[in-house]
Every structure is written in structure tokens, then in C-alpha cells.
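Here is the structure we will look at, set down as C-alpha cells.
The values are calculated or read from the model by the stated rules, or taken from the named source; none is laboratory data. It should be emphasised that the depicted structure is a prediction, and the values quoted were computed from it without experimental measurement. Cβ: placed from backbone, ideal geometry, glycine included. Neighbour counts: every protein chain shown. Note: areas computed on protein heavy atoms with side chains; ligands, DNA, RNA excluded. Shrake-Rupley method; radii C 1.70, N 1.55, O 1.52, S 1.80 Å.
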Amino acid sequence: MNRRFRDIAYEGVLHVVRRPLRSLLTALTSAIAIAVTVNVISLSFGFEEDIRSDVDLFGRLTVDVGRLPVLIPGARRPSLGPPEARLIEKKLDGLDAVIVPRRQVAANARADGGDGEQRVSFVAAPPAYLKTLNIPMAAGRWLQDDDPDGVEGEGVCVLDAAAVGLLFPDTDAESDIGRVIEVDVAGTKRRHRVIGVLEDPLRYRELFDAFDEGRGSRTLTSSLLSFRNVYVPETALGDGQFTGISIAMPSEDALEEARRRLLTVWSVDAGDPKSLLTGGVGVFVRKDWMDALAVSTRQGTLLGNLVWVIIVIVAVIMISTLNLITVRERYDEVALRRCEGARRRDVALQITTEGVLMSLVGGLAGLPIGYAGAALLRHIVDFPFRFEFKYAAAATGVAILLGLFASVLPARHAARLQPARVLGRRLR
Amino acid sequence: MAETVQTPSGSDVETAIAVLDEAGRTYGGSSVAVEALKPTNLTVARGDLVAVMGPSGSGKSTLLHVLGCLDRPTTGRYLLDGRDVSHFADRELAAVRNNTIGFVFQRFHLLRDETAQRNVELPLLYAGIARPERRKRAAEALASVGLAERVTHYPGKLSGGEQQRVALARALVKRPALLLADEPTGNLDTAAGHRVLEIIEEENRGGTTVILITHDPEVSARARRRLTMRDGVLTEET
Ligand SMILES: Nc1ncnc2c1ncn2[C@@H]1O[C@H](COP(=O)(O)OP(=O)(O)OP(=O)(O)O)[C@@H](O)[C@H]1O
Ligand SMILES: [Mg+2]
């Protein structure tokens, strides 16, 4: 940067300092816009990151092998049974894989003595299944090898948070242990005693529910995270075909290797959602799904970001207008500077410096205001605000851009001024 | 008796500081065009002291703005210091204004929020000169107009005469070849006006060419050469 450039920019700084009240007005507008910006950014990105970590609970290191097509009910699907499970075991030899086949049917369940049937998913899985799920227990314990399966007499079950919410809406997880549910599986009534309850992986379930209600339909996230599963011992559903085989891997590298090897057996890589409509057996790497899911929460993020973008645009318009008025009052000054050797672009530089400086100062003042507002909001409703340096840095960047955009018109106007029009005017 | 200014020619032109060659300035579009300065020929010799008189609206300021490179002639040519500046770009014109021409206006046009010192520094700032050097030269210029004691004063705290002298210091700090003054005493009482004129004359004696617009015959009488402007037409008084 040469000296001339610096000195001219400094003229802008001086002007801001010497007109504190006028500058304050512009800065205030920027402060409000930036306060909202940082507030919304820390909410929406915080939300996104929280959902991302929620979603991670479903096992980023898990590969699923499933029968396709999954999206066409009644369509003929290929065989997936014990031979396939053994094939997988052979293929993944030496990779330290935990192979967990499961069978799953839709069933009606009700709390013992309670009324109102609830639609749940009845999942017969071995004890190792928890490992592919990765979700902690809220109360009780997970299934063990010698647990009674309920085919004859009373069996046991573990409920996920969504199922608990349906079956025992008013009690806490701890007191649900030991209660019995009645399940109607394909016409056969069974009794299962609750031995464990899973934690709710959806931290903001209420928020999602409210959002779903508002939309009149479920979001992808909420529907995928609300399984309503009743987990029972693996023998509970006989020895027919598997619904799916989940494979938990010890590391990312092992995960990739497993995917590679499995794709040599079944060629449909279900990372592409379209493949869900094709036939055959698909290899799903859950990580891809989780990532896709997390991206879908962007919609919500986008909505939030629209709010601050609009407010920033309004601020640009307001500051533009303010600075334009200020420039109109400064025709004499601008003309004189031109007269003394300022080029058009020197004038534009000065006006832009002034605009950016005021906006930046306002923006920096807006940061703590925004965070204070967010903290207050978090105090009232449990919103997942995240306070991070990078959001503050982003908001500061927005403040600078705000100043730049708001300076375009005033700077252009000032630069276009013809000094001769102003300077020759006489006093009367 | 008045006679029309002659077409510039010969050795006059080469030594002249400013030459208008059929230069005119028209404002506005074709339908409402105002021919503020009709095509004019004028040769201003180096070191001259020229007064321009004429009724209000006759085009005096327009002439001065063209001479000062604040405005381009819409027809003809303008040679300043031997260079045809009629088609100079903004950047070049700014440079010319910055190092060749000093301006003084009826309304002093000082920056109200800046001290006398910083007002005088302004042209040096646009010349890219470092602050210490700027301060030194500004202080010298202020001293040369008798305002050594007013360096840190703001324009609002100065009398009209003092303000105009600050403006003069600002014009002179560039050491301009051409000093243009648009009614420099028009807003001052007689004593303050005299003081300003004395400084201008002093500067002129040092070799600076001066063109000044005035409504005051007494001021005009002190010039070496007198021109009259009427309806955009410049005539020489003999
Ligand atoms: N920017 C402009 N646009 C249109 N017309 C203009 C412009 N500037 C000056 N004029 C017109 O040009 C003519 C000459 O104006 P100018 O300011 O040069 O007169 P002047 O002799 O300086 O008058 P005064 O003694 O009042 O200062 C006037 O009719 C004026 O209205
Ligand atoms: Mg005039």
C-alpha cells in the first residue's frame, strides 16, 4: 500500500472520528444487523452441528447390507439369510468386523393394562446389535445371550426413546424398567418385559415435532431418527430371511475396506439414493447416509440464514441512504478535495473507507449484543446456540461486506460530482 | 475602448502559461444549451496579473474552471504550460490541479473539522508527500500569509480575512505556476480584502501568474491586464 492511498483512507477515518454522532447512527444500524447475524449464525450452525453429532450416534462405522428395492412396498426382493451372513463373514475375514443380522416386522403394541395400540417396529437382534447402533442406555440394560425371547412365555425387550414416548408417555425411563408390553406379531399375542430403555438420540425432538407439525409432515431427519423400535432377542422372529445385516467396523479404514470387499459380492452401492429403487442386495455405508441426512438439515439452516441476509440487506439500504445524504451535505468538501488534487477514485476510496469503518465498528459492537441476546434466548427456550470464534469472525466479515456494499452508491455519487458546479457558487 | 482578444499565435504562445484556442464551454443538452463561454482565444503570459470583470452570470467562473482544469472545454483547445490538457483523463487533470494550479474562492471552502494546518496540508496529501514534510511546508505557508499563530485553529475560530488567508496558504503551498482566484475579496471587508490582495500581489511579484475575478474596480485597477466578460464573450480592456 502506498502512502498516498493510506493517507487518503486515513482522511476517511478522521471524518468518522470527527463526526461521532453521524457515525454512530450508521454504526448502530450495522450493530443491529450484525447482532442478528451472529445470533442466527450461532443458532443455525449450532443446530446443524448438534444434529450432525446426534446423527453420528447411529453408527458412522457401520455398513448395512440390505434387500432392495426398499422404497417399493411388495416388490420382490432377493434372498438375505444365514448363507449371506456366512458369506459376509468370510469376505470380511481379518477385519475385526462385528456382523449382526436382524429380522424386523411391523407390530401393534400396548402397555400392559393400558389402552390404545401403537404401531411399532419389532426388531429381533443379537446382543451385538447395540454396537452397530452406538446409542447409550437411558436406563436398564441391553439384551444378553440367554434372555427369554417371548415365543413361549414372557420375553424381554429394550425400547428406543420414540417407542417409550408412545407406550409410556408420562413416566421416566428408570420407572419404565420392569413394566410389560403386549405385542401383536402377525396375529400372535406376546408379552415382553422392559429391561432397558435407549437414550433419545434426538436432542431437539420437541423442536422437530413442532417443525413437523407446522409442515404437516415429517422431516427426513425426524422420521429417520424416530424409529419406535422394540428390540427383542434374535430368536424371537424364528429363522427366516433377514431384514438386514449390520456390520460394525473398528475404524474408518476398515469401513472403507469392508465396503470395497462387499461391493465385489453385491454391486449396488446404496450411497446413491436412486439405487433404493433398483433391485438386488445393496451395500449401505451408514456414514454416507448420516452425511446426507446432516446436509438435509441445511434446509433449516438456510431458513435461519435467510433471516440475517434480509436484515443485512435492509441495513445496506439504510446505511446507503444515510451515507448518500451525508455525501450530499459534503458537496463542498468533495469538490474542494477534487480541486486540490483528488482523483475521482480517491474520493470513492475515502467514502468507502468511511462506510466500512463505521460498519465495522458497529459490527464489533453488535457481536456482544448478539451473543447476549442468544444467551438470553437460550435461557428462555433451550435453543442450541453455539458460541464459536469462527461465527464471530464470519459476522465481522459480514460487517465489512455490509460497509462495502453500503458505500457503493455514496462513493459513486461523490466521485461523479463535478467540482465546477459547486465551487463557483457565489454567496449572496 | 474594448476589442476582441486576438487569435493566439507566434512566440507568445510558446512562452505563455495558459492559451485558450477557440475554447468554449456549453452547459446542458442541445435544446436548453447555455453557451456559458463562447469560443474564446486568450493567451496569458507567464508572470502576468490578470483581472476579469463582468456582470453576474456572464461566464467568469466558467472561464476560471476551464483554466483551472476543473472543467474541460466543450470546444477548442486549452494549452496549459505548453501541454494540451483539453483531453486529459481525470487522473492527469487531478495531477495538474495538484501541482500546477492554486485556487482561491469567494467562499473560502475550508474543511470545518480540520485545523488551519491540516487544511493547508491537503494538496500535499494528494501529492503523496509524507506527513512531517507536509506539516513543515504547511506551517511555512501559513507563516507566509501571516498566520503563524493560527496553525492549530479551526476555521470557525478565525475571522473571514484569516480564513481566506488560510485558503491562500493552501493554494500557495503547492507553489503553483498559476493562481486562480474567484472573487477572493468578495466576502471580506476592505481591510481584510487589502491584506489578501497584498499577498496575491506579493506572490505575483515572485513569478506566479495570477488570474483573478472581481466585481471591484479598485481591485481590477491593480491588475496589469484587464479583461471583461459579457454573455460568454471575453474582451480586452485597453
Ligand atoms: N453547471 C452548470 N450547468 C448549467 N449552467 C451553468 C452551470 N454553471 C454555470 N451555468 C450557467 O453559465 C452561465 C455562466 O455562469 P458563471 O458561473 O460562469 O457566471 P459568473 O460570471 O461567474 O457569475 P457570478 O458573477 O454570479 O459568479 C450562467 O448563465 C450560469 O447559469
Ligand atoms: Mg462566479
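The table below gives the values:
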read-out	value
Ellipsoid semi-axes in whole angstrom, largest first, where each is sqrt(5λ) of the Cα gyration tensor of segment A:62-286	29, 21, 18
Rounded tilt (10° steps) of A:20-56 against the dominant C-alpha axis of chain A	10
Solvent exposure ordering (accessible area, 1.4 Å, most first) of A:Asp7, A:Asp145	A:Asp145, A:Asp7
Chain A, helix-only ellipticity at 222 nm - DSSP H runs n ≥ 4, -39,500 (n - 2.57), divided by all residues, nearest 500	-17500 deg cm²/dmol
Cα shape, segment A:93-216, gyration tensor, a/c 1.5 rule	oblate
Size of the A/B contact, given as accessible area buried on both chains, probe 1.4 Å, in Å²	3100
Trypsin sites (Lys or Arg not before Pro) within segment B:39-94, DSSP loop, no more than 14 other Cβ atoms inside 10 Å	B:Arg46
Cβ neighbours within 10 Å from other chains - mean over B:98-109	4
Chain B, helix-only ellipticity at 222 nm - DSSP H runs n ≥ 4, -39,500 (n - 2.57), divided by all residues, nearest 500	-10000 deg cm²/dmol
Rounded percent of accessible protein surface that carbon and sulfur make up, chain A, 1.4 Å probe	59
Residue-span extension gain [A:Ala372 to A:Ile400] - 0.36 nm each, minus C-alpha spacing	7.9 nm
The protein assembly as shown - convex hull of alpha carbons, volume per residue in Å³	241
Surface accessible to a 1.4 Å probe, per residue, for the residues of segment B:111-183, Å²	36
Nearest-10 value in Å² for the accessible area of A:Lys91, using the 1.4 Å probe	80
Alpha carbon Rg of segment A:296-340, scaled by the compact-globule rule 2.2 N^0.38 Å	2.00
Nearest 10 degrees, 0 to 90: helix B:190-205 Cα axis against chain B principal axis	70
Solvent-accessible area of B:Ser30 with every protein chain in place, 1.4 Å probe, in Å² to the nearest 10	120
Range of Cα positions in segment B:107-203 per principal axis (Å), largest first	38, 30, 20
Whole-Å distance, taken between Cα centres, linking segment B:14-72 and segment A:58-133	93
Mean Cβ count within 10 Å, highest first, over the residues of peptides A:180-189, A:148-157	A:148-157, A:180-189
Accessible area in the full protein assembly, largest first, 1.4 Å probe, for B:Lys174, B:Lys157	B:Lys157, B:Lys174
Area of A:Thr353 that stays accessible when all protein chains are in place (1.4 Å probe, Å², to 10)	30
Average accessible area per residue (Å²) across segment A:62-286 - probe 1.4 Å, nucleic acids and ligands excluded	48
Degrees between helix B:116-126 axis and first principal axis of chain B (Cα, 0 to 90, nearest 10)	50
